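Here's the structure, in structure tokens; my notes come after.
The values are calculated or read from the model by the stated rules, or taken from the named source; none is laboratory data. Quick caveat: nothing in here was measured; it's all calculated off a predicted structure. Here Cβ is always computed from backbone atoms with ideal geometry, including for glycine, and neighbour counts include all displayed protein chains.
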Amino acid sequence: MQPITRREFVKRTAVAGAMLTSIPAILEACSTGTPTSNKPSKLTIAAVQGAEDGPLKKVAPMYQSQTGITMEIVEFPYDQLFEKLVTTFQANGSSYDLCMMDDPWMPKFGTMGALQPLDSNFGFTRDSDIPSIVYDVGTWPPPRGPVPPSEQGKTQHLYGITIVGNVEMFMYRKDLASSPPGSWDDVLANAQKFNKANFYGYVIRGKATNPASSDSLPILWSFGGDIFDTSWKVVLDSTASIDAITFLTQTLKKYAEPGAENTDAGDRDRLIAIGQAFQSTTWPAEVTGVVEAAGVSQVAGKMAYIPIPKGPSGKGLGMMGNWLLGIPKGSSNGSAAADFIKWLIKTENMKTYVQNGGIPTRTSLLNDSTLGQANPYFPALAQSLAASPNWRPRTDQWNAVETIYGTAVNQAVAGLKTPKDALTAAASQIRAAMKQAGYPS
Amino acid sequence: MIRSSPNLPAPHAPQAERAGRRRLSRDERLAYLLLLPALGAVFVIVTIPFVLVLIQSVSADDGTLIGLRNYTRALGNPLLYDAIRATGVYSVIVLPIEILLGLSFALLVHRTVRWPGVRAAIYVLAILPLVVPPVAIGVVARLVYAPSYGVLNVILERVGLTHHEVNWLGDPTLAMLAVASVDIWQWTPFVYLVLFSGLQTVPRESVEAAQIDGADWWAQFRFIDLFYLRPLFLLIIFFRLADVLRVFDHVFILTGGGPGTTTQLLSLYIYRVEFKFFDSGQAAALAVLVLVSFSILYRLISRALPLERT
């Protein structure tokens, strides 16, 4: 064998290295250049990690065995999922064929034009067994309420189908109270009555940003307050809004757990589950995951679930927190992805999904007595959906608004600012952010 | 007699020209070739993103150039100054404590522990906090400080030091101390390891000579050890300041920046501007401002603590 020079060795190594490193790129180019068949071998779902995607993971193999299509579920924590989807959509990436979306993300994704329309592209139509609000929340631009200035005049399309029918509800200890609280005054009276050492009359989920925002919005609305009016004018510093947050962060807080400003959903569930608190707002996933979980909770069977109590406005408004499935524009397997969604929401498949811990949207399943025995919150959820709960303002700026509002409520819960000062400052910041985004201020 | 013709070029000119265009030797070309992959990686990983951030910082969302408007907006936001204040307070708490504790441990081990096995065991123990993912540390710290079930409150109440629950994460001062304590736990070992390795370089003869001259431990430290450790302090301060600007995970998990914005450090603030407000122009401007400020700070520190021993 002829010896080679050092120079020749370096040259050959560089050429070999360049060839090796370019192999994946060449293979990728070949694969994307090939026309996709109607039936792909695999569908990839970007999902939120936790109770929300647990049932999906359980039923996906059934679809796999029926169709031969491998279902890959890639999980992310809540915040990371949103960031991942936004960056993927910005790059028009084809990493995911389906994505789980929290309903407040729809305005962002709708405005970005990141999703494939399910109605015009794949023939989705409304099913009378599913409340219309569930379709409305997946429609963009929104069919009711104010429409962002940039979206006015656009044709409405269905972009997402709810697979987790979350609505915020209210829970209390039915073994202690003889009747359900009908109003926030009743909630306060019960908090006073049952509050004692190591047993808190009310649990505030007051951690900064999303938790504090989610916990307080139903109270804000029930008191007649809001963040925006119907023309996007900021009304967070109105008397009704300040009264609502004063009620939560001062009046009700007297009977709340210590450290409420740092309490998140897991902390709240723990307090309820170990029998150290009387009542709070709640989400379905908290009920199935902890509060009614056998072997985990000491109060399973002792809790009652009702729609959000009424406030001075005369209304009790729950908040939607639906998780939807959508098809990213970058996916080249749209038809197969749409078939999976259609399969999932069929009554018999959704029933299996519910039996595996899923939260249904079909009224027939919510009122199914057999399923209701295992899921005591179903009647409250059915009532909440039928009463058309509020959704978070349909603006692509919602994340910014929620961060500002949730921080302000947290400041009020922590006693760093009075509710009035906190909301006035937050209203000013939200006005500036919305003006920057082209909304009327 | 030698005559010089004005038409002829000066004899040195072509040589200079040749020197300017001198062909690289084979070894030099090989050296550049070998450097190329590393330089290419730095270019792709550092230079291109930095240039993109610079462009983004002077652009609107649609890509049009808007001059320094993003910088004006970034500097005009009062939340930025809250974040700077929080980061400053955090740095003032963690840096001195980590350096003092790390130095104390290093001196203690250097002067008292002679058995190599024990030194190796301490070395492994010191490495452990550095390799634990910050997210995991944040989750464990939450179990320590959380309201109502935090381990720390239980211990304090059991030993009778407190009779009511301390609101570690809800009180602004205590929340800052809580998040700082996590940093101190994780990064003091880094300071210890660096300074301990520095102490190994102190010549034994110098120490023995000082001892013969009657120098006590403080004099040995002040006039001998400190001389050898001084460049390492610059290294530690530089690394730790850079780390403080990147602190995110455990603060996000422990307090989420709360109560209010009292523990919203710069990194968390920039994250929110980018991923909650989706204001990428302002976030890029903030990133550039942080980079420039940190470069100036580093220059000032390196002047105060020269890298070379003098």
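Here is how the numbers come out for the structure above:
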item: Of all residues making up region A:292-351, the number that are among the basic types (Lys, Arg), assigned by TED's automatic domain parsing to the domain that holds A:Gly182 and part of a loop (DSSP other than H, G, I, E, B); result: 2
item: Qualifying residue in region B:63-77 (condition: charged (D, E, K, R), within 14 Å of chain A (Cβ to nearest Cβ), surrounded by 12 or more Cβ atoms within 10 Å (Cβ to Cβ) and under 22 Å from the mean Cα position of the chain (by Cα)); result: no
item: Qualifying residue in region A:87-104 (condition: out of contact with any Leu (no Cβ under 9 Å at 6 or more places or on another chain), of a type in the set (Val, Ile, Thr), surrounded by fewer than 23 Cβ atoms within 10 Å (Cβ to Cβ) and under 27 Å from A:Met319 (Cα atoms)); result: no
item: From A:Lys417, A:Lys435, residue being at pLDDT 90 or above, facing another protein chain (nearest Cβ under 9 Å) and more than 25 Å from A:Leu317 (Cα to Cα); result: A:Lys417
item: Residues of region A:101-129 that turn out to be under 17 Å from A:Pro328 (Cβ atoms), outside any helix (DSSP H, G or I) and among the acidic types (Asp, Glu), as a count; result: 1
item: Test: residue in region A:411-419 that is in a helix (DSSP H, G or I), touching a Phe, Trp or Tyr at 6+ places or on another chain (Cβ under 6 Å) and touching a residue at least 12 places away in the same chain (Cβ under 8 Å); result: no
item: Filter result for B:Ser293 (of a type in the set (S, T, N, Q), under 30 Å from B:Pro147 (Cα atoms) and part of a helix (DSSP H, G or I)); result: no
item: Selection count where residues are of a type outside the set (Lys, Arg), closer than 20 Å to B:Glu165 by Cβ and over 30 Å from the mean Cα position of the chain (by Cα), scope region A:186-198; result: 4
item: Filtered residues of region A:318-365 (kept if closer than 22 Å to A:Ile306 by Cβ and polar (S, T, N, Q)); result: A:Asn322, A:Thr361, A:Thr363, A:Ser364
item: Long-range neighbours under 6 Å by Cβ, at least six apart or interchain, first residue in the same structural domain as B:Leu174 (by TED's automatic domain parsing) and at positive phi within region B:136-148, second surrounded by fewer than 19 Cβ atoms within 10 Å (Cβ to Cβ) and of a type outside the set (Gly, Ala, Ser); result: none
item: Odd one out for A:Gln156, checked against (1) closer than 30 Å to A:Arg126 by Cα; (2) surrounded by 24 or more Cβ atoms within 10 Å (Cβ to Cβ); result: (2)
item: Criterion: among the small types (Gly, Ala, Ser) and over 30 Å from A:Gln373 (Cβ atoms) - qualifying residue of A:Gly266, A:Gly289, A:Gly259; result: A:Gly259
item: Flag if B:Asp216 is closer than 27 Å to B:Leu235 by Cβ and in the same structural domain as B:Arg119 (by TED's automatic domain parsing); result: no
item: Filtered residues of region A:83-100 (kept if part of a helix (DSSP H, G or I) and under 18 Å from A:Asp53 (Cα atoms)); result: A:Glu83, A:Lys84, A:Leu85
item: Unique residue being surrounded by 19 or more Cβ atoms within 10 Å (Cβ to Cβ) and either touching a His at 6+ places or on another chain (Cβ under 6 Å) or touching a residue at least 12 places away in the same chain (Cβ under 8 Å) (or both) when the list is B:Phe252, B:Phe277, B:Phe239; result: B:Phe252
item: Inter-residue pairs, beta-carbon under 7 Å, first farther than 13 Å from A:Asn262 by Cα and in region B:158-174, second among the hydrophobic types (A, V, I, L, M, F, W, C) and surrounded by fewer than 20 Cβ atoms within 10 Å (Cβ to Cβ), 6+ apart; result: B:Thr162/B:Leu156
item: Among the residues listed as A:Asn375, A:Asn399, the single one being within 23 Å of A:Ala285 (Cα to Cα) and facing chain B (nearest Cβ under 9 Å); result: A:Asn399
